[in-house]
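Asker: A single structure is presented below for examination.
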Amino acid sequence: MESLEESFLEYLVFDFRFEALSEERHEGLLSVAIDREMGWSPDFARALCVYLAEHTNAPRSWPALEEAREIRTGYSRVRPLAMARVKEESEAFIGRMARRLQRDTRRVEDYYGALHAEIEKRRARGRGTPELLKGKAEAIETEKERRLHDLRRRYAVTMKIEPLCVLALRVSGLSLQAKLQRKKNEKRVHLGWNPVTREFDHWLCGGCGGAAR
């Protein structure tokens, strides 16, 4: 740590609509807030409405972003976080589709297993030529694989997100200046502490852009 001082912190809060599509559809809305540097605030969007209701004199107008390029850069940073949040929000839905896949897979396996057993009985009794029985067994196996493939496609979950709007905010808070060092590599960064969530922003991975410890 190098310093901790009062500072204006700038955030972008992106609102998204998301869908998780499978045999059924799960959809909803979510908001993700990032700061202008390299952090994000998981609870910022949720806490903002409460904060503004309790501090009615807090809102001020200011000339936020001058270039759309900054919005596009922010969107590229926030998209991996939004997708991760969608997976969290859809966890119960994904689990339900997985259980249905397991249930129907078990039924298909049992059904075609019974057909294979019947062929084995016919083979043991000497009913039918070996070529005929082999052809029937192969046909049963082919049909079983086709049914299982259809089930996997039926219960696969596809996720998509659609950006709706973005809000730019400037908040009076604290800025923590720090130096990160690993062997001979070092980098100076900052994390903001805002009065909305009353906690420091969280790290973002410099490689994949996802949430990091």
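Asker: Once phi is turned into θ = phi - 60°, what whole-Hz ³J(HN,Hα) does the Karplus curve with 6.51, -1.76 and 1.60 give for every residue of the stretch 171-178, x standing for Gly and Pro?
Answerer: 10, 7, x, 10, 10, 9, 8, 9
Asker: Whole number in Å², please: accessible area per residue of the stretch 40-194, 1.4 Å probe, ligands, DNA and RNA not counted.
Answerer: On the way: 10770 Å² over 155 residues.
For the stretch 40-194, the per-residue accessible area is 69 Å².
Asker: So how tilted is helix 130-155 from the main axis of the chain? Cα-based, degrees 0 to 90, rounded to 10.
Answerer: The answer is roughly 20 degrees.
Asker: Between the stretch 152-182 and the stretch 37-87, how many Å separate their Cα centres?
Answerer: Using only Cα atoms, the two centres lie 9 Å from each other.
Asker: Given the peptides 178-188, 2-12, arrange them by the average over their residues of other C-beta atoms within 10 Å, most packed first.
Answerer: 2-12, 178-188
Asker: Between Arg122 and Ala84, what length comes free when the chain is fully extended (0.36 nm per residue of separation minus the Cα-Cα distance, one decimal in nm)?
Answerer: Details: separation 38, 0.36 × 38 = 13.68 nm, distance 5.36 nm.
So the chain would gain 8.3 nm between Arg122 and Ala84.
Asker: With each label point set 7 Å from Cα along the Cα-Cβ vector, what nm distance links Glu19 and Phe200?
Answerer: 4.1
Asker: Where the accessible area of the stretch 60-213 is counted over protein heavy atoms with a 1.4 Å probe, how much of it, in %, is carbon and sulfur? Let's see the in-between values first.
Answerer: Numbers: 5500 of 10760 Å².
That fraction is 51 percent.
Asker: For the chain, modelled as a Gaussian network with Cα springs under 10 Å, which listed residue fluctuates most, Asp110, Asp15, Asp43?
Answerer: Asp110
Asker: Normalising by the residue count of the stretch 21-162, find the relative contact order in percent from Cα pairs under 8 Å and 6+ residues apart.
Answerer: Working: 71 pairs, mean separation 49.3, N = 142.
That works out to 35 percent.
The values are calculated or read from the model by the stated rules, or taken from the named source; none is laboratory data. All figures in this text were calculated on a predicted structure; none of them were measured in a lab. With ideal geometry, Cβ positions are generated from the backbone for all residues, glycine too; neighbour counts draw on all protein chains shown. The protein model used for the area step is the full one, side chains on, heavy atoms only, and it has no ligands, DNA or RNA in it. Shrake-Rupley method; radii C 1.70, N 1.55, O 1.52, S 1.80 Å.
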